[in-house]
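The values are calculated or read from the model by the stated rules, or taken from the named source; none is laboratory data. Predicted, not measured: the structure shown is a model, and the values here were computed from it. Note: ideal-geometry Cβ built from the backbone for every residue, glycine included; neighbour counts use all protein chains shown. Only protein heavy atoms, including side chains, enter the accessible area calculation; ligands, DNA and RNA are left aside. Shrake-Rupley method; radii C 1.70, N 1.55, O 1.52, S 1.80 Å.
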Amino acid sequence: MQLCILVAGALGGRFDHEMGNINTLCWFSTTRIVLLSDDCLIQLLPSTRYHEINVLSSVEGPHCGLIPIGTPCGSSTTTGLQWDLDNTEMRFGGLVSTSNLVKGETVTVKSDSDLLWTISLKKQT
Amino acid sequence: MGSRAATLRVCADGGANRLFDDMPLFYPHADIRQRYKPDVIKGDMDSIRPDVLNFYRNLGTKIVDNSDDQDTTDLHKCIAYILDSVSDNTKSNLCILVAGALGGRFDHEMGNVNTLCRFSTTRIVLLSDDCLIQLLPSARHHEISIVSSVEGPHCGLIPIGAPSGSSTTTGLQWNLDNTEMRFGGLVSTSNIAMGEMVTVRSDTDLLWTISLKKNIYEVEEGKLHDSQHDSLS
């Protein structure tokens with residue numbers, strides 16, 4: 001399936017709307033959907049797969065994060081970040097990877113639970 | 001949100017820039033920056049402009065540099081500072097309002113939400129122009145008063161960190177009744193607060209969010225009374 005759905009105006013404004021949109025990513029977890037705002041994008045990384053994320057440094061980064069949305073994560077491992085995870089637990093109330101930085105062109109992620117990947121977008125002049 | 005002035009005003013370092021730049025835009029009053037100076041600016045100091053730092057330092061604001069601690073967010077540091085600064089007596093009545101907590105980068109938002117979860121025994125309200133968020137810790141009966149002149153009707157309950165096996169509410173258009181909630185399933189969004197009181201009980205921590213009405217910060221032209229305005233804290 002080559003489909004990628006981009007959703008503009010998906011963030012900012014009411015928090016319950018944002019959460020509703022994120023829940024939609026989770027409902028359609030087998031479809032590649034990208035939520036976009038002026039400041040950043042969000043994608044779901046399903047737990048079932050090993051993820052290789054290409055970072056286009058002319059338009060995105062370096063600020064990024066991995067969010068254990070909806071369920072704690074017993075083990076996540078990454079490469080390509082300033083603060084990589086190494087079989088690390090993440091959960092709300094404990095560690096959540098925010099204000100991280102991408103170090104190069106590829107970030108890899110593997111986790112035992114669904115994560116949200118978020119990366120900042122550069123202002124375009 | 002009451003009309004008493006804040007007991008203690010703390011800025012994260014990037015917030016100090018916003019305070020310095022934006023307050024005169026809203027209140028073109030000669031000494032507005034002095035009247036709304038933070039008591040403390042705290043953080044890793046990577047966002048604050050040198051001119052802003054010097055301005056508030058000269059006004060007597062305490063500057064606390066935590067650039068050696070990269071494991072917690074600036075908001076986390078500010079809240080830890082506030083809790084250290086107040087007596088145990090005050091702690092039980094404490095309510096911390098966080099302005100500018102939402103919008104912008106999503107990872108910052110989630111970092112701020114995580115701070116609510118980490119300080120789950122402290123009442124903290126995240127504020128934006130559009131809405132507020134509070135944590136409702138699990139296994140407690142919550143009674144939420146709705147001040148309809150400033151908040152609502154749009155609201156939601158979010159099982160942010162773990163699925164909920166059972167949540168029950170009253171006072172909403174679409175109440176939960178021993179209902180399961182989880183990401184990938186049901187999450188209560190675009191709900192409506194029906195009256196003056198919403199009650200919530202859940203087996204897991206939930207985020208309560210409610211919209212804020214526009215134009216709740218109107219001021220009389222040329223007049224500023226301390227009793228009318230909540231300070232950033």
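Checked against the criterion of being within 11 Å of chain A (Cβ to nearest Cβ), more than 13 Å from the chain's Cα centre (by Cα) and surrounded by 15 or more Cβ atoms within 10 Å (Cβ to Cβ), region B:85-101 contains not a single residue that satisfies it. Pairs linking a residue in region A:101-125 that is over 11 Å from A:Val55 (Cβ atoms) and in contact (Cβ under 8 Å) with a residue 60 or more places away in the chain to a residue that is part of a loop (DSSP other than H, G, I, E, B) and among the aromatic types (Phe, Trp, Tyr), with Cβ atoms under 7 Å and 6 or more positions apart or on different chains, are A:Lys110/A:Tyr50. Among the conditions (1) touching a Ser or Thr at 6+ places or on another chain (Cβ under 9 Å); (2) in a strand (DSSP E or B); (3) open to solvent by 30 Å² or more (accessible area, probe 1.4 Å); (4) not acidic (Asp, Glu), B:Ile63 misses just one, which is (1). Name the residue that is surrounded by the fewest Cβ atoms within 10 Å (Cβ to Cβ), counting only residues in region B:109-133 that are within 8 Å of chain A (Cβ to nearest Cβ) and not in a helix (DSSP H, G or I). In this case the residue turns out to be B:Ser120. Would region B:68-80 turn up any residue that is β-branched (Val, Ile, Thr), under 16 Å from the mean Cα position of the chain (by Cα) and in a helix (DSSP H, G or I)? Within region B:68-80, one or more residues are β-branched (Val, Ile, Thr), under 16 Å from the mean Cα position of the chain (by Cα) and in a helix (DSSP H, G or I). Residue pairs whose Cβ atoms lie under 7 Å apart, separated by 6 or more positions or on different chains, with the first residue in region B:11-24 and over 15 Å from B:Gly43 (Cβ atoms) and in a helix (DSSP H, G or I) and the second modelled with pLDDT under 85 and among the hydroxyl-bearing types (Ser, Thr, Tyr), are B:Met23/B:Tyr36.
The set of residues in region A:82-118 being aliphatic (A, V, I, L, M) and either part of a loop (DSSP other than H, G, I, E, B) or open to solvent by 10 Å² or more (accessible area, probe 1.4 Å) (or both) consists of A:Leu85, A:Leu95, A:Val96, A:Leu101, A:Val102. Of all residues in region B:27-44, those satisfying the criterion of being assigned to a loop (DSSP other than H, G, I, E, B), open to solvent by less than 40 Å² (accessible area, probe 1.4 Å) and in contact with a strand residue (DSSP E or B) (Cβ under 8 Å, 6 or more places away or on another chain) are B:Pro38, B:Asp44. Quick check on region B:45-57. Is at least one of its residues open to solvent by less than 30 Å² (accessible area, probe 1.4 Å), at pLDDT 85 or above, farther than 30 Å from B:Ile146 by Cα and not hydroxyl-bearing (Ser, Thr, Tyr)? So far as region B:45-57 goes, yes, one or more of its residues are open to solvent by less than 30 Å² (accessible area, probe 1.4 Å), at pLDDT 85 or above, farther than 30 Å from B:Ile146 by Cα and not hydroxyl-bearing (Ser, Thr, Tyr).
Filtered by the rule that a residue be open to solvent by 40 Å² or more (accessible area, probe 1.4 Å) and not in a strand (DSSP E or B), region B:196-211 gives B:Glu196, B:Asp203, B:Asp205.
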